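Worksheet for the structure shown next.
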2 protein chains.
Amino acid sequence: MRISQLSAASGVPIPTIKYYLREGLLPQGEQTAATRAEYDEAHLRRLRLIRALLEVGRVPVATIAKIIAAVEDEDMPVHTMLGTAHYALASPAEPSPGDAEHVRARERVEALIAGLGWDVKPEAPTRDELAEILVRLDQLGMPATDERLRDYADVTMRLVSEYDMALIPFHGPRETAVETLVIGTVLYGKAFDVLRRLAQESESARILGT
Amino acid sequence: MRISQLSAASGVPIPTIKYYLREGLLPQGEQTAATRAEYDEAHLRRLRLIRALLEVGRVPVATIAKIIAAVEDEDMPVHTMLGTAHYALASPAEPSPGDAEHVRARERVEALIAGLGWDVKPEAPTRDELAEILVRLDQLGMPATDERLRDYADVTMRLVSEYDMALIPFHGPRETAVETLVIGTVLYGKAFDVLRRLAQESESARILGT
DNA sequence: CTTACCTGGATAGCATGACTATCCAATGCG
DNA sequence: CGCATTGGATAGTCATGCTATCCAGGTAAG
């Protein structure tokens with residue numbers, strides 16, 4: 001299919017598709033002539049993934065590009081690729097990881113992870129992300145209790161191991177594994193968020209008698 | 001305290017504080033003279049809330065302004081105020097709520113909510129948000145099973161009723177109730193997200209034998 | 001006093017991110 | 001044959017969230 005058909009099938013304007021091609025989010029089509037290239041189903045699928053990450057997950061274009069680059073680097077082993085993709089989805093580095101409050105929160109995070117017996121790399125950016133949230137909660141006068149964190153973590157792990165990770169085809173094509181991981185992280189993450197807000201509304205109505 | 005002290009105490013630059021004042025995120029200080037105003041602890045607290053929502057939750061300034069406006073409208077009953085704040089936190093309207101796919105997904109959402117016995121207003125934007133995610137998952141060839149959605153929802157409701165809503169001082173000052181709700185939605189929502197990513201990393205390491 | 005420094009208020013400018021528009025020469029289909 | 005389409009390149013746009021500059025009135029240490 002040509003670019004105009006790819007555009008029609010996906011609903012993405014041609015200039016935007018060209019932009020994604022430039023940014024390396026979408027692989028080049030197969031050149032059939034100097035001014036003609038063919039696109040296929042894989043491009044359409046990739047385009048849908050890009051739009052889902054951008055529009056639902058608000059993942060920056062630059063982050064998507066990093067993930068794609070890891071997929072396309074055939075020399076990278078699958079677990080490294082998945083790790084790269086995963087870390088790319090972390091929020092951009094927080095400003096504070098230096099002060100005393102953050103260090104203390106960071107220690108609470110270490111203790112939590114150790115207590116759960118989780119296997120998380122010491123340099124995972126996720127650790128600082130969580131610590132930063134604890135700092136903010138403290139500053140707002142609503143510190144998170146160990147019990148609450150622990151409970152959230154237990155529930156999270158159950159769902160992750162039962163669904164998110166159980167469904168990843170680790171030994172299939174690399175592209176598919178990353179796709180499944182990213183969809184699990186971003187789209188189901190968002191689904192979780194929305195369900196939480198729905199549950200909050202329902203509980204609020206129940207408590208306040210609508 | 002004067003603006004320079006507020007700035008020093010919060011770490012937010014003076015021009016940024018002035019910007020928040022202009023946008024109505026922060027109430028005016030008490031004017032003590034034509035060119036002098038006094039700020040207090042409430043301003044500092046509000047500033048910390050704003051920064052947490054912006055930096056951790058990535059909530060747009062315009063959305064924060066809407067929430068503040070609801071708090072400041074003394075005529076608005078508490079449950080209306082909480083509803084307003086809550087809906088303001090929904091993602092900006094999705095583009096598709098018209099086509100056939102979305103309508104079908106929307107019906108699945110209705111069925112889910114009904115099946116759970118949740119009390120959610122028919123016009124809640126959250127319904128469309130969830131439907132939109134289901135549409136994307138379908139398009140990506142990874143449709144969400146009813147079982148998975150149901151399981152996510154059950155777990156979510158347990159945590160929400162046990163923590164998020166249980167801790168809201170519904171009958172205290174209106175400002176505090178909204179603050180608690182918003183923190184519960186945004187900061188704990190983010191904490192959940194980070195815990196999920198930590199759990200995913202740990203599971204991935206376990207499965208791939210690191 | 002007085003003089004250097006803050007203030008609050010107003011206006012304008014900037015950086016980033018995600019597009020969108022315009023050109024251009026080379027096709028290629030009818 | 002001739003005109004719409006294509007790929008590639010370059011530049012412009014729009015929304016956000018600040019940041020910088022001015023200005024005149026006010027404060028406060030010496």
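Consider region B:33-43 and keep the residues that are more than 6 Å from DNA strand C (Cβ to nearest atom) and within 16 Å of B:Q5 (Cα to Cα). The one that is most open to solvent (accessible area, probe 1.4 Å) is B:E41. Within region B:158-195, the set of residues being of a type in the set (K, R) and closer than 24 Å to B:P60 by Cα comprises B:R174, B:K190.
Of the residues making up region B:148-160, those that are open to solvent by less than 40 Å² (accessible area, probe 1.4 Å), of a type outside the set (S, T, Y) and over 18 Å from A:A144 (Cα atoms) are B:R148, B:L149, B:D151, B:A153, B:V155, B:M157.
Quick check: anything in region A:78-88 open to solvent by 40 Å² or more (accessible area, probe 1.4 Å), at the interface with chain B (Cβ under 9 Å from one of its Cβ atoms) and of a type outside the set (S, T, Y)?
Yes - at least one qualifying residue is present in region A:78-88.
Considered as a group, the residues in region A:20-32 that are part of a helix (DSSP H, G or I) and near DNA strand D (Cβ under 7 Å from one of its atoms) include one that is most open to solvent (accessible area, probe 1.4 Å), and that residue is A:R22. Scan region A:169-180 and give yes if some residue there is at pLDDT below 90, at the interface with chain B (Cβ under 8 Å from one of its Cβ atoms), surrounded by fewer than 21 Cβ atoms within 10 Å (Cβ to Cβ) and over 23 Å from B:V155 (Cα atoms), otherwise no. Within region A:169-180, one or more residues are at pLDDT below 90, at the interface with chain B (Cβ under 8 Å from one of its Cβ atoms), surrounded by fewer than 21 Cβ atoms within 10 Å (Cβ to Cβ) and over 23 Å from B:V155 (Cα atoms).
Would you confirm whether any residue within region B:187-200 is open to solvent by 10 Å² or more (accessible area, probe 1.4 Å) and in a loop (DSSP other than H, G, I, E, B)? The answer is no; no qualifying residue exists.
For region A:6-29, a residue qualifies if it is away from DNA strand C (no atom under 12 Å from the Cβ) and not hydrophobic (A, V, I, L, M, F, W, C), and the qualifying residues are A:S10, A:G24, A:P27, A:Q28, A:G29.
Looking across region B:114-142, the residues that are at the interface with chain A (Cβ under 7 Å from one of its Cβ atoms), assigned to a helix (DSSP H, G or I) and over 19 Å from the mean Cα position of the chain (by Cα) come down to B:R136, B:L137, B:Q139.
Each residue in region B:89-113 was checked for being surrounded by 13 or more Cβ atoms within 10 Å (Cβ to Cβ) and part of a helix (DSSP H, G or I), and 11 of them qualify. Screening B:I50 against (1) away from DNA strand D (no atom under 16 Å from the Cβ); (2) within 12 Å of chain A (Cβ to nearest Cβ); (3) among the β-branched types (V, I, T) leaves a single unmet condition, (1). Against the list (1) at pLDDT 95 or above; (2) open to solvent by 10 Å² or more (accessible area, probe 1.4 Å); (3) facing chain B (nearest Cβ under 7 Å), the condition A:Y163 fails is (1). Screening the candidates B:M76, B:M81 for the property of being assigned to a loop (DSSP other than H, G, I, E, B) and aliphatic (A, V, I, L, M) yields one hit, B:M76. Any idea how many residues of region A:4-19 are part of a helix (DSSP H, G or I), exposed (fewer than 13 other Cβ atoms within 10 Å of the Cβ) and of a type outside the set (A, V, I, L, M, F, W, C)? Of the residues in that region, 3 qualify. A:I14 meets the stated requirement of being within 16 Å of DNA strand D (Cβ to nearest atom), aliphatic (A, V, I, L, M), more than 14 Å from chain B (Cβ to nearest Cβ) and in contact with a Ser or Thr (Cβ under 7 Å, 6 or more places away or on another chain).
One residue is enough: does region B:65-88 have a residue meeting the conditions within 12 Å of DNA strand D (Cβ to nearest atom) and at pLDDT 90 or above? Looking for residues that are within 12 Å of DNA strand D (Cβ to nearest atom) and at pLDDT 90 or above, one finds at least one in region B:65-88, hence yes.
The values are calculated or read from the model by the stated rules, or taken from the named source; none is laboratory data. Remember, it's a predicted structure, so these values are computed and weren't measured experimentally. Note that each Cβ is placed from the backbone with ideal geometry, even for glycine, and that neighbours are counted across all protein chains shown. Accessible surface areas use protein heavy atoms only, side chains included; no ligands, DNA or RNA. Shrake-Rupley method; radii C 1.70, N 1.55, O 1.52, S 1.80 Å.
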